[in-house]
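Note sheet for the following structure.
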Amino acid sequence: MTTMNTMSNFLIRSALFLSVAAILSSSCRHSPTEAPAGVPTVAKDSIIPLNIGNKWTWQLTLYDTLGKPYSTYLDSLRIDSAKNINSEHWCFPGHPYEKLAFANLSDGCYYRAFDDTPGASFLFYRYPARANDTYRAPSGVVSGYRVWIVDTLESMTILSIDTTITVPAGTFTCYLYRRARKDGVHYFDEFLAPGLGWIRVVTYPEIWPGRGVYFKQSTKDLIQFTPGS
């Protein structure tokens with residue numbers, strides 16, 4: 001299971017993040033007076049707001065290989081705590097992601113894994129960014145209560161910085177990140193609105209390994225963002 005399969009399980013429980021959703025200028029076009037009903041106005045200096053208490057609630061829908069939905073349930077992630085590490089402010093989500101940490105740095109949202117000792121940190125969502133930017137994005141592996149960051153074949157490409165989508169929480173203009181493996185096993189499309197984070201995450205695994213034929217396995221759509229402190 002990749003980080004995104006955790007952050008998409010974390011971020012998707014079938015697919016960010018693992019990613020936390022992280023982050024990344026005024027790409028979300030809602031002005032303070034244009035925010036969708038029920039969505040608080042937020043600063044857009046990061047792609048994912050990491051204040052303690054921030055909580056995302058999504059509707060996760062699973063599909064079969066013919067595109068028919070067969071299961072729908074709620075998923076959520078909350079930022080529970082934070083501490084300074086090497087003069088950087090790192091934030092920790094709650095169970096089952098407490099072994100992960102996220103930080104908004106100058107070039108985007110980073111993450112790292114903690115087991116017995118802190119691991120290296122990696123850029124997850126570049127922000128601000130330009131369309132077609134591509135960079136290496138190692139994944140996290142979760143096994144029981146242990147988490148490791150591993151160097152895989154995954155990379156991230158920013159397909160767009162102004163894609164508009166509608167989900168139960170409202171309509172947003174987002175950065176569209178595609179996380180993909182170079183060996184073609186799977187890819188994820190992640191829609192993030194600056195200042196709000198994950199709006200939608202879609203998982204696409206191969207139907208037949210090595211054939212390059214994919215199907216939409218799951219969608220995760222934002223229902224509510226609840227700001228913390």
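The values are calculated or read from the model by the stated rules, or taken from the named source; none is laboratory data. Given the structure is predicted, the values throughout are model-derived calculations rather than measurements. Positions of Cβ are generated from backbone atoms using ideal geometry, with glycine treated the same way; all protein chains shown enter the neighbour counts.
Within the set 77, 100, the sole residue that is crowded, with 22+ Cβ neighbours inside 10 Å and at pLDDT below 90 turns out to be 100. The set of residues in the range 187-229 that are basic (Lys, Arg) and within 15 Å of the chain's Cα centre (by Cα) comprises 200, 220. Just so you know, in the range 166-186 the residues that are basic (Lys, Arg) and part of a strand (DSSP E or B) include one that is farthest from the chain's Cα centre (by Cα), and it is 181.
Here is the figure for the range 190-229: residues that are of a type outside the set (D, E, K, R) and assigned to a strand (DSSP E or B) total 19. Of the residues examined, residue 195 is not one that is under 22 Å from residue 55 (Cβ atoms), modelled with pLDDT under 80 and of a type outside the set (A, V, I, L, M). Being surrounded by fewer than 16 Cβ atoms within 10 Å (Cβ to Cβ), more than 23 Å from residue 195 (Cα to Cα) and of a type outside the set (Ser, Thr, Tyr) is a property that residue 86 has.
For the range 81-88, does any single residue satisfy the condition of being closer than 21 Å to residue 201 by Cβ, β-branched (Val, Ile, Thr) and part of a strand (DSSP E or B)? Looking for residues that are closer than 21 Å to residue 201 by Cβ, β-branched (Val, Ile, Thr) and part of a strand (DSSP E or B), one finds none in the range 81-88, hence no. Residues in the range 198-229 that are aliphatic (A, V, I, L, M) and at pLDDT below 95: 207, 213. Taking the range 53-66 as the search range and keeping residues that are part of a loop (DSSP other than H, G, I, E, B) and modelled with pLDDT of 95 or more, which one is nearest to the chain's Cα centre (by Cα)? The qualifying residue nearest to the chain's Cα centre (by Cα) is 54.
This table checks each residue for (1) within 19 Å of residue 63 (Cβ to Cβ); (2) at pLDDT 85 or above; (3) hydrophobic (A, V, I, L, M, F, W, C).
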position: 139; (1), (2), (3): no, no, no
position: 142; (1), (2), (3): no, no, yes
position: 149; (1), (2), (3): no, no, yes
position: 157; (1), (2), (3): no, yes, no
position: 177; (1), (2), (3): no, yes, no
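If the condition is being more than 16 Å from residue 67 (Cβ to Cβ) and buried (at least 24 other Cβ atoms within 10 Å of the Cβ), then the range 196-224 contributes 196, 197, 198, 199, 201, 220, 222. Take the conditions touching a Lys or Arg at 6+ places or on another chain (Cβ under 8 Å) and not basic (Lys, Arg) and apply them to residue 171. Does it pass? No.
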